[in-house]
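Read through the structure below, which is laid out as structure tokens, and then see the notes.
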Amino acid sequence: MVAALTSLAVGASCGFVSLFYAVGLTRAQRRGRTTPALWRRISFGAGIALLLVSLIGPVDTLSGEYFTMHMIQHLLLVLIVPPLLLLGAPVVMVLRGLPPYLQRPVFVTVARNRVMRRITHTLLHSHVALGLFLATLWLWHVPQLYSSAVNDELVHLLEHTTFFWPAIFFWWNVVDSWPFRARLSAPRRLLYIFLATAGLKLVGVLITVSGQVLYTAYLLPRDGTALTALDDQRIGGLIMWMGGGLYMLLPLAVVFFRWAQQDAAATPAPPARQSTGAVPSPPRNDREPL
């Protein structure tokens, strides 16, 4: 029952957000306002599609049977879906797409309410966002909590919620979600991503090198497959360790090369050197003749 309601809620939420995004985009185009580039719209659509696949698609169905699939689900929710959605510039487009009677109340509540602004500012602070990102990642991979999430649908829903939203806060400091810009400078973004990658990979390493099954919820009969629970766990650990680590090289590379381009553009061109064979021009007399 809980699983069915969760799937319905996820599907409806994604549907409404996509609808408001499309309406907001259409309204902005009609009024001659600036709209996100095509690649940003594609990014948003891909993020919504992958969110549906991870939460109500085959990945979610198999995550209760295979640790590997559950790990893929987690990486989708933490590493892939959030930056895709943020790159799609959803905040402005969704607000513009809301019905007129909702636009002002939502805008006033979110943007002008002092308490909401303080909470948002705190959650988006780089130290808080990174801490929440790593804390939830580590906490939910404690064997007892992880097994509870596999066996209890309500705990599973809580797990996914606390994975997804801290990941949104984390990636807000990395990607530029038009028309907003990430607060961190390029060097600090590199360090920020590096620390997150180190924490992510360490979890994967500990899971991979474990000589025993940590997550007893996956000690199930596996008819028709030679994959043991320990092998399944090691593959899942490798996916987080190697797959997640390699994926994080992409934002590191993007931030680094954009920083290099900005630095090169800001460097003034050296003055032209005078040819040794050129005849020097006579000194200029700016005084008026007597």
The range 82-109 residues near the modelled TYR247 label - backbone nitrogen below 17 Å, point 7 Å along Cα→Cβ: 82-88
At most 16 other Cβ within 10 Å, DSSP loop - trypsin sites (Lys or Arg not before Pro), the range 1-105: ARG31, ARG33
Under 15 Å, Cβ to Cβ, from GLN262 - net charge with Lys/Arg +1 and Asp/Glu -1: +2
Packing-based exposure ordering (other Cβ within 10 Å, fewest first) of PHE170, PHE257: PHE257, PHE170
The range 116-264 pair-distance distribution - Cα-Cα, 5 Å bins, rounded %: 2, 9, 14, 18, 17, 14, 10, 7, 5, 3, 1, 0
Summed residue charge, Cβ within 14 Å of LEU137's Cβ, Lys/Arg positive, Asp/Glu negative: 0
With Cα atoms, 0 to 90° folded angle of helix 2-30 axis to the chain main axis: 20 degrees
The chain - mean residue ellipticity at 222 nm from DSSP helices (-39,500 (n - 2.57) per run, n ≥ 4, rounded to 500): -22000 deg cm²/dmol
3J(HN,Hα) from dihedral phi, the range 235-246, Karplus parametrisation 6.51/-1.76/1.60, rounded to Hz, x for glycine, proline: 5, x, x, 5, 4, 6, 5, 8, x, x, x, 5
Rounded to 10°, Cα long-axis angle of helix 153-172 versus longest principal axis of the chain: 10 degrees
Highest-MSF residue in the chain out of ALA49, ALA264, ALA37 [GNM, Cα springs under 10 Å]: ALA264
Max mean-square fluctuation residue, GNM over the chain, Cα-Cα springs under 10 Å, options LEU132, LEU77, LEU246: LEU246
Space enclosed by the convex hull of the alpha-carbon atoms of the chain, per residue, Å³: 252 Å³
Exposure proxy order (Cβ contacts within 10 Å, fewest to most) of ILE235, ILE207, ILE48: ILE235, ILE48, ILE207
Among LEU38, LEU52, LEU154: highest mean-square fluctuation, GNM of the chain, C-alpha pairs under 10 Å: LEU38
Separation of the LEU202 and VAL128 label points, Cα + 7 Å toward Cβ, nm: 2.3 nm
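FYI, it's all coordinate maths here, none of it is from the lab. This one's a predicted model, so the numbers in the text were calculated from it and none came from an experiment. Note that each Cβ is placed from the backbone with ideal geometry, even for glycine, and that neighbours are counted across all protein chains shown.
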